[in-house]
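Below is one structure, written out as structure tokens; comments come after it.
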Amino acid sequence: MTGGTRGLGLAVARRLATEGWHTTVLGLDPGRLEKVRAMAEAEQLPLRAVRADVTSEESVREVFAEVTETGPLHLCVNNAGRNLSRLLLRRPRQDTGGGLLTHSLEDWERTVRLCLTGVFLVGREAAAGMVRQGVAGTIVNVSSGLAAGAYGQSAYTAAKAGVEALTRTWSYELGVYGIRVVAVAPGVMDGEALREKSTALPKHARYMEGLKRFVPLGRWGTEEEVADAVCFAAENPYVTGSVIRVDGGGPPGWVP
Ligand SMILES: NC(=O)c1ccc[n+]([C@@H]2O[C@H](COP(=O)([O-])OP(=O)(O)OC[C@H]3O[C@@H](n4cnc5c(N)ncnc54)[C@H](OP(=O)(O)O)[C@@H]3O)[C@@H](O)[C@H]2O)c1
């Protein structure tokens with residue numbers, strides 16, 4: 001379970017562990033990893049937390065070597081990812097003068113490396129581990145309701161569209177080993193990430209409140225509802241190559 005130290009990832013990891021899956025959570029922040037360990041101990045969950053960077057081939061290889069030594073790998077949830085809001089082009093504020101501002105290559109590469117290359121590296125090691133162990137396991141990739149494109153989201157939406165393409169491609173390639181690959185695409189969730197950003201930026205909170213009326217169900221989702229979909233993907237033996245959308249029917253990527 002990558003990115004399981006906070007937000008959606010933590011909710012999914014906790015749910016899986018509660019249902020009896022022996023779960024290893026991967027994350028970066030030592031303090032958050034420690035909190036997950038303390039939670040697992042307090043709640044007596046079969047959950048451990050290990051530091052690994054999904055954007056580093058070496059780190060991913062090392063952690064999968066260790067995880068597959070500890071037992072059979074039945075499930076890999078590729079969740080680590082972070083949204084980035086950037087316009088492709090932006091006019092500078094009038095009082096500052098200067099020329100047109102553009103989306104930096106650095107922002108593009110940082111987001112694609114985490115949200116797409118990370119999924120590739122982790123998915124590849126997970127699939128290889130399952131095949132070596134003779135396990136017909138499942139890979140669940142967390143996409144986004146914005147994968148079809150969204151205003152101000154070049155890098156993130158391209159990466160998530162790539163995640164959905166990888167899901168389909170791997171379902172074709174790995175079916176022969178009995179490995180299923182499923183994507184879960186959440187809409188906006190009323191979770192840790194949204195609450196933190198809305199508290200820090202009241203303007204963002206107002207924008208998001210306005211956006212809610214474009215969701216057919218009229219509310220944001222919960223992390224538990226996404227965890228339900230991950231469990232379904234993990235457990236239904238005839239589902240592969242699909243994208244399960246958990247987004248209340250929207251919202252659209254562009255609201256005029
Ligand atoms: N929140 C939403 O409304 C929403 C909607 C649609 C899709 N999603 C998708 O759901 C997933 C989780 O989103 P979230 O909002 O829960 O994110 P989040 O709160 O920002 O958490 C991101 C997680 O990824 C981990 N992470 C970041 N960089 C990493 C790296 N290089 N290697 C290993 N772990 C790393 C973080 O660990 P550390 O804290 O230890 O660094 C953290 O556990 C993402 O793929 C996101 O695109 C979220």
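The values are calculated or read from the model by the stated rules, or taken from the named source; none is laboratory data. Source: prediction; values computed, not measured. Cβ sites come from the backbone with ideal geometry, for glycine too, and all protein chains shown count toward neighbours. Accessible surface areas use protein heavy atoms only, side chains included; no ligands, DNA or RNA. Shrake-Rupley method; radii C 1.70, N 1.55, O 1.52, S 1.80 Å.
General observations
- Annotation: peptides 196-205, 27-36, 239-248, ranked by per-residue average of other Cβ atoms within 10 Å with the highest first, follow the order 239-248, 27-36, 196-205.
- What a 1.4 Å probe finds exposed on the chain is 54% carbon and sulfur by accessible area, rounded to a whole percent.
- Summary value for segment 76-185: 32 percent relative contact order, contacts being C-alpha pairs under 8 angstrom separated by 6+ residues.
- log₁₀ of I(q)/I(0) at q = 0.14 Å⁻¹ - the chain, Debye sum with one point per alpha carbon: -0.96
- Reducing segment 176-253 and segment 1-77 to their Cα centroids gives an inter-centroid distance of 21 Å.
- Accessible area (Å², per residue) of the chain, counting only protein heavy atoms and a probe of 1.4 Å: 53 Å²
- Between helix 30-43 and the chain: long-axis angle, C-alpha atoms, 0 to 90°, nearest 10: 50 degrees
- 5 angstrom amide H check on A185, placed H, neighbours 5+ away: S143, I244, R245, V246
- Length added when fully stretched, K203-R90, from 0.36 nm per residue minus Cα-Cα: 38.8 nm
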